[in-house]
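One structure is given below, encoded as structure tokens.
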Amino acid sequence: MIEARGLTKRYGRTVAVESLSFTVQPGRVTGFLGPNGAGKSTTMRLILGLDRPSSGDVLIDGKHYRDLHSPLRYIGALLDAKWVHPNRSARAHLKWLARSNGLPKRRVDEVLELVGLTNVAKRKAGGFSLGMSQRLGIAAALLGDPQILLFDEPVNGLDPEGIHWIRQLMKRLAAEGRTVFVSSHLLSEMAQTADELVVIGRGKLIAQSTTGEFVERASGTSVRVRTPQLERLRTALAGTAGTTVRVDEGALLVNGMTSDQVGEVAATQGVVLHELSPQRGSLEEAFMRLTGDAIEYHAEEAGEHLHMQGTSGGAKE
């Protein structure tokens, strides 16, 4: 388990992480989300002892990273896929890591096979594509067979097959009772992978909940109804307090009522239903709604800035 308690990190006058508290539990995949500049990478560095917090604390199974003996046996991490000497082969890189933590040599070949790099194990890592480098980084994270795993943007550079593979790998690791903490900008992928979410903005916690609860709380749910008696049902539903009804492609979209409640109203009106289905919002919609105020740069602002540059004595034709 990972526990952050009032975690704060300042770089001069810049506050990268502020009073951040959350827990990452074993047995599930926890997604770590936030806009660019939200403090995700800084938080991961603080967990791994690569940066020292200005205040607060972060513990790994009740211990600081610096106090872990053979840390690769406790926690494995992928923060930068290109963090490897370019002239070392994949096997040599992993052997060096294994030796530094007293791990058996056979484990090197096991993780190379697990990530699909056995056939290129003798090639220099400097010649690897980004996708291959990601696989090598994941192999390094798995080397000590740890119970806790941190992945920062693990699907960068992977093809669809590779993305499917890492998704299934993370789910399997969590099913084995391990703690899996993964940061990603691919919200569609997180919607399929993460059981729980930790969402931050401008270094502060915005939400921690299951993925389903986050989406429901942020974007709400609606009910889609199709009926040959559309106007009759629309009139009946519109009279219910706290309910909004709109027509969308020949169907009604009802907010403020459950599908059971809509069905009961239809029954009392003698309305025949051809469809009655709850419609949940997407993770992307929920994320944008809750983090909108925490986004550092907005497209409109950038466009306005460029327009001002072009109209304030810029290059002459």
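The values are calculated or read from the model by the stated rules, or taken from the named source; none is laboratory data. All values reported here derive from a predicted model rather than from experimental measurement. All Cβ positions, glycine included, derive from the backbone under ideal geometry; neighbour counts span all protein chains shown.
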Given the criteria of a type in the set (Ser, Thr, Tyr) and touching a helix residue (DSSP H, G or I) at 6+ places or on another chain (Cβ under 8 Å), does residue 65 qualify?
yes
Would you mind finding the one in 245, 182 that is touching a helix residue (DSSP H, G or I) at 6+ places or on another chain (Cβ under 9 Å) and either touching a residue at least 12 places away in the same chain (Cβ under 8 Å) or closer than 24 Å to residue 36 by Cβ (or both)?
182
Considering only helices (runs of 4 or more DSSP H) fully contained in the range 116-210, which possess at least 2 residues that are of a type outside the set (Val, Ile, Thr) and within 23 Å of residue 280 (Cβ to Cβ)?
160-175, 187-193
Being at pLDDT 85 or above and either in contact with a Cys (Cβ under 6 Å, 6 or more places away or on another chain) or surrounded by 12 or more Cβ atoms within 10 Å (Cβ to Cβ) (or both) is the filter here, so list the residues in the range 221-234 that pass it.
223, 224, 225, 226, 227, 229, 230, 232, 233, 234
Every residue in the range 214-239 that is of a type outside the set (A, V, I, L, M), in contact with a Leu (Cβ under 9 Å, 6 or more places away or on another chain) and assigned to a helix (DSSP H, G or I), please.
214, 217, 219, 234
Collect the residues in the range 240-277 that are part of a strand (DSSP E or B), of a type in the set (Gly, Ala, Ser) and under 15 Å from residue 230 (Cα atoms), keeping them in residue-number order.
251
Check whether at least one residue in the range 142-157 is within 21 Å of the chain's Cα centre (by Cα) and free of Cβ contacts under 8 Å to residues at least 40 places away in the same chain, and report yes or no.
yes
For the range 204-221, indicate whether the set of residues that are of a type outside the set (Phe, Trp, Tyr) and over 22 Å from residue 290 (Cβ atoms) is non-empty.
no
Only one of 116, 131, 162, 126 that is closer than 26 Å to residue 24 by Cβ, touching a residue at least 24 places away in the same chain (Cβ under 8 Å) and assigned by TED's automatic domain parsing to the domain that holds residue 209:
162
Against the conditions (1) over 30 Å from residue 149 (Cα atoms); (2) basic (Lys, Arg); (3) touching a residue at least 60 places away in the same chain (Cβ under 8 Å), where does residue 204 fall short? Just the number, please.
(1)
Would you check if there is a residue in the range 93-114 being over 30 Å from the mean Cα position of the chain (by Cα), in a loop (DSSP other than H, G, I, E, B), more than 18 Å from residue 161 (Cα to Cα) and of a type in the set (Gly, Ala, Ser)?
yes
What residue, of 210, 244, is within 22 Å of residue 23 (Cβ to Cβ) and surrounded by fewer than 15 Cβ atoms within 10 Å (Cβ to Cβ)?
210
Only one of 254, 262 that is at pLDDT 90 or above, surrounded by 13 or more Cβ atoms within 10 Å (Cβ to Cβ) and more than 30 Å from residue 14 (Cα to Cα)
262
Taking the condition within 24 Å of residue 184 (Cα to Cα) and either in contact (Cβ under 8 Å) with a residue 12 or more places away in the chain or not aromatic (Phe, Trp, Tyr) (or both), does residue 92 pass?
no
Kindly evaluate residue 78 against the criterion of being in the same structural domain as residue 136 (by TED's automatic domain parsing), touching a Phe, Trp or Tyr at 6+ places or on another chain (Cβ under 6 Å) and free of Cβ contacts under 8 Å to residues at least 12 places away in the same chain.
no
